[in-house]
């Protein structure tokens, strides 16, 4: 019985959202906006619960679990510090904003630097490891687009042949990514419809 | 949204419903066999070996909430988690799930809770089997690095919306010789996955994972409709191209 009610609620919400799109400016459209607002509120509550769960996971790793993680104490100290300062000084306080943004920007910049290095090494390893047709195509296109984005072909933009070549090459990644995105969109539509009709129930316990 | 787009959308949904009903209720579906992807076969092998050797599994579901445009990839991640949990129910080491979204974390915990109920386990520690690692792109990845570096792991699956940051995880996996299956709906993530892993799933292949992992009819029919629609889109593009060349459009 519970399962049927859940499916009805989920399908009805989906139906109201679609109908709201079809009839803009009507009560159905207003219901659609309300449902979306509720979804955002529920998402925010879920995030708060998940953050408390994350704290409990790290707490267990420090104090009870056999598998101790070196990052857990840092997480707990950081979390408690930020939340206390945030509550005491308020989220708009300049010191609080500086503290959080400086920490986030520093850590994210370091990770991006590591990522850049990792990707460079991965691309070298890729060409030594994979020696098939796809790898050759991947390699050639990488070189072509590196040259293209360096602006080397824009020097001869007045020559019609180079201009046409430049345009043709520039449209290749757009065509390729559009093809992939069409495939992804079809998959996404069908996944959504499976949930809409109750074939898939990610919210179900069984 | 303009009425023309909405009309096209309605026609599209009607086509899906008609084709879906034909495939679902008739025996035409039996004429088509789903081609098994080598990466999925490797994944199934790796899960089997993990269970045999008592090694752990790590599944990461990406960072996208369910109510945005990448939500479908997250839902595929949840279904994949469901299938993997079913396959690894006999394992001593329950799979660890990480996510970059609150909603995904709670839904993943529900899946883990099911297993504990099925196993009649006395512990209720499903909270530590599925947890949020970070709420932003890079904090999510930074949080996934420690569980993915666990020495007791042998298989890692990244299914959902993960950007080029996936390179950090795949590189670490390669060094530890873990089996890793990256499947993301992000174009940048896919290109990095292709360069960093031998088993990357490209394009819409992410949506075929549930059908390849289980024999459930609903996934098979869904994949057949997806293929039908792809051919339909190709045919429409070719027709439009032809009419443009002829000068009718």
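Any read-out appearing in this document is the output of simple, stated calculations on the displayed coordinates, not a laboratory observation. None of the values given here were measured: they were computed from a predicted structure. Quick reminder, even Gly has a Cβ in these numbers, built from the backbone with ideal geometry, and neighbours come from all protein chains shown.
Things to note:
- Inter-site label distance for residue B:152 and residue A:172 at 7 Å from Cα along Cβ, in nm: 4.9 nm
- Residue B:34-residue B:93 FRET efficiency (beta carbon distance; Förster radius 41 Å; 0.05 resolution): 0.85
- Ascending count of other beta-carbon atoms within 10 Å, so fewest first, for B:168, A:181, B:14: B:14, A:181, B:168
- In chain B, the DSSP-assigned H stretches of four residues or longer account for a calculated mean residue ellipticity at 222 nm of -18500 deg cm²/dmol, using -39500 (n - 2.57) per stretch and the full residue count as denominator.
- Length-normalised contact order for chain A - Cα pairs under 8 Å, 6+ apart - percent: 22 percent
- Each semi-axis of the equivalent ellipsoid for region A:101-197 is √(5λ) with λ an eigenvalue of the Cα gyration tensor; in descending order they amount to 30, 26, 19 Å.
- Shielding value for A:103-112 is 3, the average number of Cβ atoms from other chains within 10 Å of each residue's Cβ.
- Order of B:213, A:1 under a 10 Å beta carbon neighbour criterion, fewest first: A:1, B:213
- Potential extension, residue A:2-residue A:31 segment - 0.36 nm per residue separation minus Cα distance: 8.0 nm
- As an equivalent ellipsoid, region B:162-203 spans semi-axes of 16, 10, 7 angstrom, where each value is the square root of five times an eigenvalue of the C-alpha gyration tensor, largest first.
- Spin-label pair residue A:144/residue A:70, simplified geometry with 7 Å Cα→Cβ offset, distance in nm: 4.6 nm
- Here is the P(r) of region B:15-66: all C-alpha pair distances, binned every 10 Å from 0, give 18, 24, 26, 28, 5 in whole percents.
- Over the C-alpha atoms of region B:32-214, the Rg to Rh ratio, Rh being the Kirkwood estimate, stands at 0.93.
- Pairwise Cα inverse-distance average, inverted: Kirkwood Rh of region B:1-121 (Å): 17.4 Å
- Residue order, fewest to most surrounding Cβ atoms within 10 angstrom, among A:144, B:59, A:49, A:189: A:144, A:49, A:189, B:59
- Per-residue mean of foreign Cβ neighbours for A:132-143 is 1 (Cβ atoms of other chains, 10 Å radius).
- When the Cα convex hull of chain A is projected onto planes of every orientation, the mean area is 22.2 nm².
- Among B:206, B:236, B:89: highest mean-square fluctuation, GNM of chain B, C-alpha pairs under 10 Å: B:236
- When the convex hull of its Cα atoms is viewed from all sides, the protein assembly as shown shows a mean projected area of 28.1 nm².
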